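Participant: Please see the structure below; I have some questions.
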Ligand code: GDD
């Protein structure tokens with residue numbers, strides 16, 4: 001039997017996702033109409049013999065997370081549990097800390113998935129690859145290719161082209177190493193814990209050494225020893241040992257670091273719905289709004305038939321969209337109200353926000369190649385050389401935009417009531 005672990009991180013991790021992560025833990029932010037994590041869970045639940053999905057992170061379990069887990073368990077008919085780390089233990093430390101829970105029931109293998117990626121999740125293909133290519137008990141990293149500049153923001157892999165063994169692994173190198181990057185999706189078996197255990201023991205010894213030589217206060221000792229990074233501490237050492245292999249996928253993949261990359265990820269998932277969930281895609285119907293390209297509309301949204309939506313638009317629960325409204329490349333979160341003839345382009349409109357009549361809310365996408373829906377993007381940095389870079393516009397929750405103003409390339413923090421136009425600003 002198989003299991004899957006999803007690394008969901010914690011509140012300090014989603015900072016590039018602000019102001020949206022103030023309202024909802026980043027892994028629950030809706031992408032293409034459903035919480036980001038649901039795409040992972042759905043993919044895991046489809047793998048034959050998958051018995052359990054464990055979410056590991058350091059969020060305080062709240063009502064929203066608990067409700068999401070209960071609903072997902074019912075919908076996908078699989079056990080899903082949240083295991084909370086006592087502190088951020090890193091990408092390897094969390095799975096090591098909860099190793100007993102992972103190996104209980106005797107899974108022969110388990111997947112580990114970063115929560116902040118968007119992917120077609122070729123998990124079955126990774127299993128077949130492991131059987132055909134890897135040595136018995138080898139570990140598999142899902143890889144994809146990136147251009148030279150992009151690659152340095154990721155884990156970089158040098159492979160043996162014949163066997164696909166990972167010969168060399170460098171996490172976010174400062175100079176070019178390889179165009180094969182780590183997608184943050186792995187197939188392991190319980191042997192991985194021996195390797196993590198070796199690092200843990202070494203960390204513990206170093207810690208005791210520091211303590212007895214009075215080099216450091218023993219505060220946070222266990223935490224320090226248990227904080228282990230899969231990438232730098234494990235993969236770098238396993239490379240070239242005949243244990244670690246890379247399965248390169250041609251299917252779509254992207255990181256979801258910033259709010260801007262959520263719009264991009266939404267586009268990729270909406271496109272995938274043609275094969276996986278055609279029922280989630282809106283179509284042009286008599287008496288309905290004009291739909292162009294891929295659009296998701298929650299059934300509770302109330303949309304005027306003269307509105308025009310798409311491509312790449314997701315409309316959340318209870319959203320109201322008035323006459324003549326135009327929305328393109330945007331995510332509209334639940335309860336938002338888009339009044340008559342307003343225009344929303346390349347933006348995220350926060351929960352319960354209102355956009356007045358004839359107002360224009362617009363961002364500039366930093367997508368390198370808008371014609372290629374599969375082009376990867378770097379996670380956007382808001383500032384470069386101290387200047388605000390072209391960016392999507394984000395309205396936090398419960399923001400009010402008056403009629404007939406323009407909000408361009410700006411970020412508006414929650415509960416703001418604006419009274420004029422803004423351009424290239426963060427409105428606190
Ligand atoms: N449970 C838990 N505990 N999860 C964590 C922790 C932790 O202490 N730290 C990070 N994570 C989760 C994050 O929520 C995210 O889903 C994932 O682990 C990776 O997070 P980062 O540490 O921010 O790494 P990264 O995204 O910059 O890079 C990683 O992912 C890339 C692919 O998206 C690396 O694995 C790269 O090599 C890889 O290319």
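Please treat every number below as a calculation from the coordinates, not as lab data. Keep in mind that this is a model prediction, so the values were computed, not measured. Methodologically, a virtual Cβ is constructed for each residue, glycine included, from the backbone with ideal geometry; neighbour enumeration extends over all protein chains shown.
Participant: Hey, with R₀ at 25 Å, roughly what FRET efficiency would residue 124 and residue 148 work out to, going by the Cβ-Cβ distance, to 0.05?
Facilitator: On the way: r = 31 Å, r/R0 = 1.25.
It comes to 0.20.
Participant: Moving to a separate point now. Taking 8 Å as the Cα distance limit and 6 or more residues as the minimum spacing, I'd like the relative contact order of region 280-369 as a percentage. Write out the running numbers ahead of the final one.
Facilitator: Values: 253 pairs, mean separation 16.8, N = 90.
Worked out over region 280-369, it gives 19 percent.
Participant: Shifting gears a bit: Just subtract the alpha-carbon distance of residue 47 and residue 285 from 0.36 nm times their residue separation and send over the number in nm, one decimal.
Facilitator: On the way: separation 238, 0.36 × 238 = 85.68 nm, distance 3.54 nm.
Working it through step by step, the gained length comes to 82.1 nm.
Participant: Comparing 208, 83, 333, which has the greatest mean-square fluctuation in the GNM of the chain with Cα pairs linked when under 10 Å apart?
Facilitator: Highest fluctuation of the listed residues: 208.
Participant: Determine, from the Cβ-Cβ distance of residue 241 and residue 83 and an R0 of 30 Å, the FRET efficiency 1/(1 + (r/R0)^6), rounded to the nearest 0.05. All intermediate terms of the calculation are to be shown ahead of the outcome.
Facilitator: Values: r = 29 Å, r/R0 = 0.97.
E(calc), rounded to 0.05, equals 0.55.
Participant: With label points built 7 Å along Cα→Cβ from the Cα atoms of residue 209 and residue 323, find their separation and express it in nm.
Facilitator: Rounded to a tenth, the inter-label distance reads 7.7 nm.
Participant: Find the eigenvalues of the gyration tensor of the Cα atoms of the chain, then list the square roots of 5 times those eigenvalues as equivalent ellipsoid semi-axes, largest first, in whole angstrom. Spell out each step's value before the answer.
Facilitator: Working: eigenvalues 314, 113, 88 Å².
Equivalent ellipsoid semi-axes, largest first: 40, 24, 21 Å.
Participant: Contour minus end-to-end for residue 419 and residue 108, with contour as 0.36 nm per residue of separation and end-to-end as the Cα-Cα distance? Let's see the in-between values first.
Facilitator: Working: separation 311, 0.36 × 311 = 111.96 nm, distance 6.01 nm.
Using 0.36 nm per residue and subtracting the Cα-Cα distance, I get 106.0 nm.
Participant: Can you give the relative contact order of the chain as a percent, counting alpha carbon pairs under 8 Å and 6+ residues apart? Write out the running numbers ahead of the final one.
Facilitator: Numbers: 996 pairs, mean separation 52.9, N = 428.
Worked out over the chain, it gives 12 percent.
Participant: Continuing with this model, one more query. Could you give the angle, 0 to 90 degrees to the nearest 10, between helix 36-45's Cα long axis and the longest principal axis of the Cα atoms of the chain?
Facilitator: In the chain, helix 36-45 runs at an angle near 50 degrees to the longest axis.
Participant: When the helix-only estimate is applied to the chain (DSSP H runs of n ≥ 4, each -39,500 (n - 2.57), divided by the residue count), what is the mean residue ellipticity at 222 nm, nearest 500 deg cm²/dmol?
Facilitator: On the way: 9 runs with 96 residues, N = 428.
My calculation for the chain gives -6500 deg cm²/dmol from helical runs alone.
Participant: Gaussian network model of the chain, Cα springs within a sub-10 Å range: biggest mean-square fluctuation belongs to which of 316, 287, 106?
Facilitator: Per the Cα network of the chain with a 10 Å cutoff, 287 tops the list.
Participant: Could you give the length gained on full extension between residue 201 and residue 275, defined as 0.36 nm per residue of separation minus the Cα-Cα distance, in nm?
Facilitator: Numbers: separation 74, 0.36 × 74 = 26.64 nm, distance 4.71 nm.
Extra length available between residue 201 and residue 275 comes to 21.9 nm.
Participant: How many nm is it between the label spots at residue 404 and residue 73, if each spot is 7 Å from the Cα in line with the beta carbon?
Facilitator: Calculated label separation equals 5.5 nm.
Participant: Sticking with this structure for a sec: Between 52, 362, 23, which gets the highest mean-square fluctuation from a Gaussian network model of the chain, Cα cutoff 10 Å?
Facilitator: The residue with the greatest mean-square fluctuation here is 23.
Participant: Under a plain spin-label model, where a point goes 7 Å from the Cα along Cα-to-Cβ, how far apart in nm are residue 137 and residue 100?
Facilitator: Going by the 7 Å Cα→Cβ label model, 2.3 nm.
Participant: With a Förster radius of 22 Å, plug the Cβ-Cβ distance of residue 163 and residue 250 into 1/(1 + (r/R0)^6) and report the FRET value to the nearest 0.05. Mind showing how you got there, number by number?
Facilitator: Values: r = 19 Å, r/R0 = 0.88.
Efficiency, from the Cβ-Cβ distance: 0.70.
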